[in-house]
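The values are calculated or read from the model by the stated rules, or taken from the named source; none is laboratory data. Because the structure is predicted, anything quoted here is derived from the model rather than measured. Please note: Cβ atoms are built from the backbone with ideal geometry, for glycine as well, and neighbour counts cover all protein chains shown. All accessible areas refer to the heavy atoms of the entire protein, side chains included, with ligands and DNA or RNA removed. Shrake-Rupley method; radii C 1.70, N 1.55, O 1.52, S 1.80 Å.
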Amino acid sequence: MIEKSLWHPVALSADLAEAPVPVRLLGEAVVLWRDGEGRAHAWQDRCPHRGAQLSLGRVVPCTQGEGGARLECPYHGWRFDAAGQCREVPALPGFTPPATHKAPIFAAREAHGLVWARLDGEDAGELPAFEAEGDERLRKLNCGPYVVEASAPRLVENFLDMSHFGFVHEGWLGAREMAAIDDYQVEATPTGILATGCKAWQPQSTINSTRPAHVEYSYEVTAPYSAVLVKIPEAQSVGAEGYRESIALFICPTDAERCTVWFRLATADWQRNEAELQAFQDTIFLQDKPVLESQQPKTLPLDLRAELHTAADKASSFYRRYLKGLGITVGVC
Ligand code: FES
Ligand SMILES: [Fe+2]
């Protein structure tokens with residue numbers, strides 16, 4: 001399954017503190033925990049001794065003088081070091097567990113305010129890119145998680161889709177009498193697809209909009225379940241400001257027909273508090289959610305004959321071909 005060799009976001013970094021956190025990825029129960037050096041770990045959420053859920057346990061300091069922290073199973077208290085090796089079996093104090101007494105571990109990293117995991121355990125390859133991350137003029141913050149009863153690819157398609165603005169986001173991102181979509185360009189990139197020249201008439205494109213505006217965006221699919229939109233500044237403001245606000249969509253395919261979603265905003269707005277910016281994003285996304293959850297099938301059909309397409313759906317047709325080319329199997333049909 002190719003999805004096991006991709007990095008997926010699984011939790012907000014800020015939510016991973018002292019206690020282990022249970023998450024789900026590709027139908028698999030995963031425990032996240034943070035060791036004494038602050039490094040995040042993602043393991044199978046199942047103790048190799050008798051199958052208890054490790055996330056019900058606790059993170060404890062190492063008592064054998066080696067520093068670091070250990071994950072303690074809730075059932076018989078076996079303690080595992082950061083590499084997954086069992087180091088202590090409380091029922092047998094003098095026993096040194098052999099190398100075979102090991103918890104199955106996955107790979108974990110942190111970026112974009114999120115913990116990422118890779119189920120094949122390979123700590124290799126790149127996470128989905130978010131160019132704005134390094135732009136210090138832009139403030140970054142995450143919105144979500146939103147748990148959605150739909151497949152991750154249906155979510156990505158919704159993010160790329162401008163022709164729903166006038167209906168799903170009427171009065172906010174669009175208006176039904178202004179629903180026409182100008183032609184735009186789509187091309188393949190080394191990691192996904194890029195749509196440029198995407199224009200929309202928007203009554204309230206951001207929390208700070210004071211009047212309707214014609215807004216231009218580019219949309220990039222950066223990985224099978226990740227995408228980034230960049231707001232292209234109006235020509236006269238490019239020189240003056242030079243930055244491009246953007247929003248990344250990061251999706252955890254918890255199951256084939258369910259996912260957890262985060263948005264990472266890169267905004268020039270340093271004034272408003274985080275809760276206000278997040279509330280705007282919540283409002284927009286909660287407009288999408290019921291429609292997304294109503295789509296049948298919940299998985300995305302990769303056979304282009306299975307649903308109908310027009311020129312306005314060019315980005316979505318490209319996306320389906322891209323997933324098919326990669327051999328993606330989760331969340332598609
Ligand atoms: S089940 Fe984990 S220590 Fe026994
Ligand atoms: Fe939407």
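Details
- Output for the stretch 59-71, where each listed residue is free of Cβ contacts under 8 Å to residues at least 40 places away in the same chain and within 16 Å of ligand 1 (Cβ to nearest atom): VAL60, ARG70
- Residue count, the stretch 88-131 (criterion: touching a Lys or Arg at 6+ places or on another chain (Cβ under 7 Å) and touching a residue at least 24 places away in the same chain (Cβ under 8 Å)): 10
- In summary, LYS199 fulfils each of the numbered conditions (1) touching a Ser or Thr at 6+ places or on another chain (Cβ under 8 Å); (2) of a type in the set (Lys, Arg); (3) over 26 Å from GLY331 (Cβ atoms) with the single exception of condition (1).
- Total residues in the stretch 126-159, condition part of a loop (DSSP other than H, G, I, E, B), in contact with a helix residue (DSSP H, G or I) (Cβ under 9 Å, 6 or more places away or on another chain) and either open to solvent by less than 60 Å² (accessible area, probe 1.4 Å) or of a type in the set (Lys, Arg) (or both): 3
- Looking only at residues of the stretch 161-194 that are closer than 26 Å to GLU257 by Cβ and more than 10 Å from ligand 2 (Cβ to nearest atom), we find that the one that is surrounded by the most Cβ atoms within 10 Å (Cβ to Cβ) is GLY192.
- Residue in the stretch 62-81 that is open to solvent by 20 Å² or more (accessible area, probe 1.4 Å) and of a type in the set (A, V, I, L, M) present: no
- For the stretch 260-317, a residue qualifies if it is part of a loop (DSSP other than H, G, I, E, B) and acidic (Asp, Glu), and the qualifying residues are ASP269, ASP303, GLU307.
- Test: residue in the stretch 91-114 that is hydroxyl-bearing (Ser, Thr, Tyr), surrounded by fewer than 21 Cβ atoms within 10 Å (Cβ to Cβ) and closer than 27 Å to VAL60 by Cα: yes
- Here the stretch 304-333 is the region considered, the condition is being open to solvent by 50 Å² or more (accessible area, probe 1.4 Å) and of a type in the set (Lys, Arg), and the residue that is nearest to GLU257 (Cα to Cα) is LYS324.
- Filtered by the rule that a residue be modelled with pLDDT under 95 and either on the phi > 0 side of the Ramachandran plot or outside any strand (DSSP E or B) (or both), the stretch 192-203 gives a lone residue, PRO203.
- Residue that is farthest from ligand 2 (Cβ to nearest atom), among those in the stretch 38-61 that are within 20 Å of VAL10 (Cα to Cα) and open to solvent by 50 Å² or more (accessible area, probe 1.4 Å): ARG58
- Restricted to the stretch 1-36, and to residues there that are free of Cβ contacts under 8 Å to residues at least 40 places away in the same chain and surrounded by fewer than 19 Cβ atoms within 10 Å (Cβ to Cβ), the residue that is farthest from ligand 1 (Cβ to nearest atom) is ASP15.
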